[in-house]
Amino acid sequence: MISFDNVAKKYDDGTYAVKNFSLHINEGELLVLIGPSGSGKTTTLKMINRLIPLTEGYIRIKDKMISDYDIHELRWDIGYVLQQIALFPHMTIEENIAIVPEMKKWEQEEINQRIDELLHMVGLEPETYRKRLPNELSGGQQQRIGVARALAANPPIILMDEPFSALDPLSREKLQDDLIQLQNNIKKTIVFVTHDMSEALKLGDRICLMRDGGIVQTGTPEELLQQP
Ligand code: ADP
Ligand code: ADP
C-alpha cells in the first residue's frame, strides 16, 4: 500500500531528519513508528502526504509515486490525526466533522447519516454529541472526534501522530482498546507514531524502530520481544 524506497529528508543546514529509509507497509496493516524524540518519526509520517517534501528516494502509494498525485487528492484522501486535534471552538461537533472537503459535495441527508455513523464508530452517542461545542467534550472525546473526522471521507490510509499522548492514562488505554476494535472492523492502512513502547506493542501489527533518522529494526511485537 505504501512503499518507501531509500527515502531521505535533508534540511538546508545539512542535517538528515530521515535517511536510507526503505519500508513496505501492507494494505490493512497498522504499522507503528517508534523511536526517541528527534529520531525522524513525524518527518517520515508527513512525507507520506507531502506535508514535508522528501529530498531523496521515492514514496509510492498503491504503486503510484506520491509526486504524481494531485496534492489535494493526496491530502484529503489520507486521514490525519494529530496529538492535539484542532477543533474549531465556535463550531459544533457535527460542523467540525462536516468541514472535511470531500463532504462538501454530498447531499445534506448523506452528511447527516455519515456523521451519525462516524460518531457511533468512535463510541459517542450522536444524539448527545452532535450539537455540542468542543469545550463541552473531554480530551479523550475530542480525540475521538479527531479520529471520526479522519475517517469521514473513508480514506484507505490514516496517519496518526501520537494521537493519545496528551491524554490521561485511563482515557489513553480506552482509546487504544477502541482503536483496536475499530481497526478490526474497518481495516485501514494505519501509520501510527508513538514514543511509548507499551502502546506500540499493544497496537502494532508491525513495529518499525527508528533512531537518528534510520530504521534500527522492523518486526511484529513478538519478533521485537524475542531479542536476545
Ligand atoms: P520525531 O518525530 O521522531 O521526534 P522529527 O521527525 O520531528 O522527529 O525530527 C527529526 C529530526 O529533524 C530532528 O533532529 C529535528 O531536529 C530535525 N528537524 C526537524 N525540522 C527541521 C528543520 N526545519 N530544519 C532542520 N532540522 C529539522
Ligand atoms: P473521558 O473518559 O473521555 O476522559 P471524562 O471523564 O473527562 O471523559 O468526561 C466525562 C463526562 O464529562 C463526559 O460525558 C463529558 O462529555 C463530560 N464533560 C467533560 N468536560 C466537560 C465540559 N467542559 N462541559 C461539559 N461536559 C463535560
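We did not get these values from a lab; they are worked out from the coordinates using the rules stated. Please read these numbers as outputs of a predicted model, since none were measured by experiment. When we count neighbours, we look across all protein chains shown, and the Cβ atoms used for this are built from the backbone with ideal geometry, even at glycine.
For region 153-166, take each phi angle, set θ = phi - 60°, evaluate the Karplus expression 6.51 cos²θ - 1.76 cosθ + 1.60, and give the result in whole Hz per residue in order, putting x for glycine and proline.
8, 6, x, x, 10, 10, 9, 10, 9, 6, x, 10, 5, 8
Between 0 and 90 degrees, rounded to the nearest ten: what's the tilt of helix 169-186 against the longest Cα principal axis of the chain?
90
Can you pull the semi-axes for region 1-83, root of five times each eigenvalue of the Cα gyration tensor, sorted largest first, whole Å?
19, 15, 13
Return one number: the angle in degrees, 0 to 90 and rounded to the nearest 10, between the long axis of the Cα atoms of helix 139-151 and the longest principal axis of the Cα atoms of the chain.
In the chain, helix 139-151 runs at an angle near 80 degrees to the longest axis.
From the residues 221, 157, 47, which one has its Cα farthest along the dipole of the chain in the positive direction, the dipole being from +1 and -1 charges on Cβ of Lys/Arg and Asp/Glu about the Cα centre?
Highest projection toward the positive end goes to 47.
Do any GluC sites (Glu not before Pro) in region 15-110 lie in a DSSP loop with no more than 15 other beta carbon atoms within 10 Å, and if so, which?
In loop regions of region 15-110 (DSSP not H, G, I, E or B), the sparsely surrounded GluC sites (Glu not before Pro) are 27, 107.
Relative to the longest principal axis of the C-alpha atoms of the chain, give the angle of the C-alpha long axis of helix 108-121, reported between 0 and 90° and rounded to the nearest 10°.
Long axis of 108-121 versus the principal axis of the chain: about 60 degrees.
Once you charge only the Cβ atoms, +1 for Lys and Arg and -1 for Asp and Glu, what is the size of the charge dipole of the chain about its Cα centre, to the nearest 20 debye?
The dipole magnitude comes to about 400 debye.
How much length would be gained if the chain were fully extended between residue 174 and residue 113, taking 0.36 nm per residue of separation minus their Cα-Cα distance, in nm to one decimal?
Difference between extended and current length: 19.4 nm.
Quick one: Cα convex hull volume of region 93-228, Å³ per residue?
That works out to 126 Å³ per residue.
Per 0.36 nm of contour for each residue apart, how much would the distance between residue 6 and residue 205 grow if the chain were fully extended, relative to their Cα-Cα spacing?
Stretched fully, the residue 6-residue 205 segment lengthens by 69.4 nm.
Show that you can apply the helix-only estimate: for the chain, add -39,500 (n - 2.57) for every DSSP H stretch of four or more residues, divide by all residues, and state [θ] at 222 nm to the nearest 500.
Rounded to the nearest 500, the figure is -10000 deg cm²/dmol.
When DSSP assigns beta bridges and you keep just the ones with both residues in the chain, what percent turn out antiparallel, to the nearest 5?
50
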